[in-house]
1. Which whole-Hz couplings ³J(HN,Hα) result when phi for each residue of the stretch 110-124 is put into the Karplus expression 6.51 cos²θ - 1.76 cosθ + 1.60, θ = phi - 60°, listed in order with x for Gly and Pro?
2. Rounded to the nearest percent, how much of the accessible area of the chain (1.4 Å probe, protein heavy atoms only) is carbon and sulfur?
3. Can you compute 3J(HN,Hα) from phi for each residue in the stretch 53-61, using the Karplus curve 6.51 cos²θ - 1.76 cosθ + 1.60 with θ = phi - 60°, rounded to whole Hz and x for Gly and Pro?
4. Suppose we look only past 26 Å in the calculated P(r) of the chain. What percent of the Cα-Cα pairs does that tail hold?
5. Using label points projected 7 Å from each Cα along Cα→Cβ, tell me how many nm separate Asp21 and Leu133, to one decimal.
6. Among Tyr95, Cys11, Gly118, which residue has its Cα positioned farthest towards the positive end of the charge dipole of the stretch 6-119, with +1 placed on the Cβ of Lys and Arg, -1 on the Cβ of Asp and Glu, and the dipole taken about the Cα centre?
7. Can you tell me the dipole magnitude for the chain around its Cα centre, using point charges on the Cβ only (Lys, Arg +1; Asp, Glu -1), in Debye to the nearest 20?
8. In deg cm²/dmol, rounded to 500, what helix-only [θ] at 222 nm does the chain give when every DSSP H run of at least 4 residues adds -39500 (n - 2.57) and the total is split over its residues?
Amino acid sequence: MSRNLVFEGRCWKFGDNIPTDVMTPAHVMFKTPKEMATSVLETVNPQFPKQVQPGDILVAGRNFGCSSGRALAAKALKATEVGAVVAELFARTFYRNGHEIGLPLLEMPGVTELVQDGDRLRVDIKAGTLENLTSGKSLRSRPPSGFLLEMLESGGLIPLLKSGFLQGVRL
């Protein structure tokens, strides 16, 4: 299965240092990802879990997904059906967790200066580009590695492995 990694939607803009503990508060930790999605990021923007639409783009500053490294945070965010998450810089554990579950992520220095909350955006993960359709401005960064792109196109690590990705590889 190959996924298209181009997304268009409303911009939900967040700042720097958003921890996984804020994405998925303790009171939702033992619920399903879909149930967690109803509370994701609610303490930072109460409208986000109520109004986010499939394909919307979450834009954040530096160190997005820092702190405890809750793997469930990426799953809850994916369950909102957000198209992609674009950040100035991701916490490394969140970056790995996101790719492993097939959540499209793009690091893009300078992105927070290019967008406002509510702008209409188009993101192409493979090309490493973001177009602000509201302002007409655009930005380019380095896309994820070929391996991470294959993982995203497959829908995550498990689907990639099930596709026979490692067939014939001696470990």
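The values are calculated or read from the model by the stated rules, or taken from the named source; none is laboratory data. Note that the structure is predicted; figures quoted are calculated from it, not measured. Here the Cβ is made from the backbone with ideal geometry for all residues, glycine too, and neighbour counts use every protein chain on show. Calculation scope for accessible area: heavy atoms of the full protein, side chains included, ligands and nucleic acids excluded. Shrake-Rupley method; radii C 1.70, N 1.55, O 1.52, S 1.80 Å.
1. Running phi through 6.51 cos²θ - 1.76 cosθ + 1.60 with θ = phi - 60° gives x, 5, 5, 7, 8, 10, 10, 4, x, 4, 8, 10, 10, 10, 10 Hz.
2. The nonpolar share, carbon plus sulfur, comes to 51 percent.
3. In residue order, the calculated couplings are 10, x, x, 4, 10, 8, 10, 9, x Hz.
4. Tail fraction, whole percent: 24.
5. With each label placed 7 Å out from Cα toward Cβ, I get 3.8 nm.
6. Result: Tyr95.
7. 380 debye
8. Helix-only estimate at 222 nm: -7000 deg cm²/dmol.
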